[in-house]
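K.L.:
Got a structure for you, questions after.
The values are calculated or read from the model by the stated rules, or taken from the named source; none is laboratory data. The structure presented is a predicted model; accordingly, all values stated were derived computationally and were not measured. Cβ coordinates were reconstructed from backbone atoms using ideal geometry, including for glycine residues, and neighbour counts include every protein chain displayed. With ligands, DNA and RNA removed, areas are computed over all heavy atoms of the protein, side chains included. Shrake-Rupley method; radii C 1.70, N 1.55, O 1.52, S 1.80 Å.
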Amino acid sequence: VPRDLRLLPPAPDPAFDAVVQLLQKQLGRPMAAIALVDEHRVWVKASTGLPAHAIGRHLSFCALTLADTAVFEVPDALRDPRFATHPLVVDTPGVRAYAGFPVTVEGHRVGSVCVLDTVPSEVDAAGREALRHVAEVCKAMLESRLRERRMRLHAARVRTASLSSSDWLWETDASGRLTWASDSIESHTGRASTENLG
């Protein structure tokens with residue numbers, strides 16, 4: 001699992017919320033979720049009809065979803081010995097059916113998109129295809145957020161390094177125009193860093 005995926009903010013994300021709501025409506029199930037999985041636990045990144053929670057990986061439908069590249073289904077959880085005593089099955093919300101597809105980020109399976117039902121059911125071919133497509137959307141969104149976070153961290157490191165050095169650092173665009181310069185440029189050029197841009 002990419003190490004910095006664990007550092008993504010756990011706070012609600014409107015984009016993931018919108019994706020999971022679309023999935024729930026498209027498949028016509030009362031519950032849908034996007035879950036992320038690490039070595040020890042599963043936490044819900046976005047959900048509809050399902051309370052946000054984090055549970056131990058050993059209790060998770062989603063963890064088993066990561067074991068394959070196909071849709072993982074549990075048509076009737078009460079008749080499946082792996083889940084018959086699962087808290088989400090025997091207590092609220094009374095899950096009876098589950099279908100999920102793994103989300104892959106940078107070659108690692110890191111979570112799943114899933115729909116859940118309170119009655120025994122299976123998804124059809126169109127539903128399985130929808131789960132695959134939503135997993136691809138989640139992959140793109142997570143990878144975009146990782147790239148953005150890494151760029152911010154890199155920029156912060158460069159700026160921190162520039163403050164501790166008497167040399168000056170700079171960045172240019174593809175045309176060679178100065179787009180950023182460390183504050184120490186002023187001691188070398190006599191002009192403020194913002195005056196040197198462009």
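K.L.:
Would you be able to tell me the number of residues in region 69-126 that are in a strand (DSSP E or B), touching a Pro at 6+ places or on another chain (Cβ under 7 Å) and not hydroxyl-bearing (Ser, Thr, Tyr)?
P.N.:
Here the count works out to 5.
K.L.:
Then there's this: Given the conditions (1) among the hydrophobic types (A, V, I, L, M, F, W, C); (2) under 21 Å from Asp13 (Cβ atoms); (3) in contact with an Asp or Glu (Cβ under 7 Å, 6 or more places away or on another chain), report the number of the one that Ala99 does not fulfil.
P.N.:
(2) is the only condition that Ala99 fails.
Matching residues to (1) modelled with pLDDT of 90 or more; (2) touching a strand residue (DSSP E or B) at 6+ places or on another chain (Cβ under 6 Å); (3) outside any helix (DSSP H, G or I):
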residue	(1), (2), (3)
Ala11	no, no, yes
Asp17	yes, yes, no
Val20	yes, yes, no
Gln26	yes, no, no
Arg29	yes, yes, yes
Ile55	no, yes, yes
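K.L.:
Among (1) over 19 Å from Cys138 (Cα atoms); (2) modelled with pLDDT of 90 or more; (3) hydrophobic (A, V, I, L, M, F, W, C); (4) open to solvent by 60 Å² or more (accessible area, probe 1.4 Å), there is one condition Ala77 misses while meeting the rest; what is its number?
P.N.:
It is condition (4) that Ala77 fails.
K.L.:
Out of everything in region 131-159 that is at pLDDT 75 or above and among the charged types (D, E, K, R), what residue ends up being farthest from the chain's Cα centre (by Cα)?
P.N.:
Selected residue: Arg132.
K.L.:
In region 101-130, how many residues are within 15 Å of the chain's Cα centre (by Cα) and either surrounded by fewer than 18 Cβ atoms within 10 Å (Cβ to Cβ) or under 18 Å from Ser60 (Cα atoms) (or both)?
P.N.:
Qualifying residue count for the region: 13.
K.L.:
Return the residues of region 83-100 that are farther than 17 Å from Arg41 by Cα, out of contact with any Ser or Thr (no Cβ under 7 Å at 6 or more places or on another chain) and open to solvent by 50 Å² or more (accessible area, probe 1.4 Å); say none if nothing qualifies.
P.N.:
Scanning region 83-100 gives Thr85, Val90, Asp91, Thr92.
K.L.:
While we're looking at this one, here's another question. Report, by residue number, each residue of region 90-110 that is farther than 25 Å from Leu78 by Cβ and of a type outside the set (A, V, I, L, M).
P.N.:
Thr104, Glu106, Gly107, His108, Arg109 - these are the residues of region 90-110 that are farther than 25 Å from Leu78 by Cβ and of a type outside the set (A, V, I, L, M).
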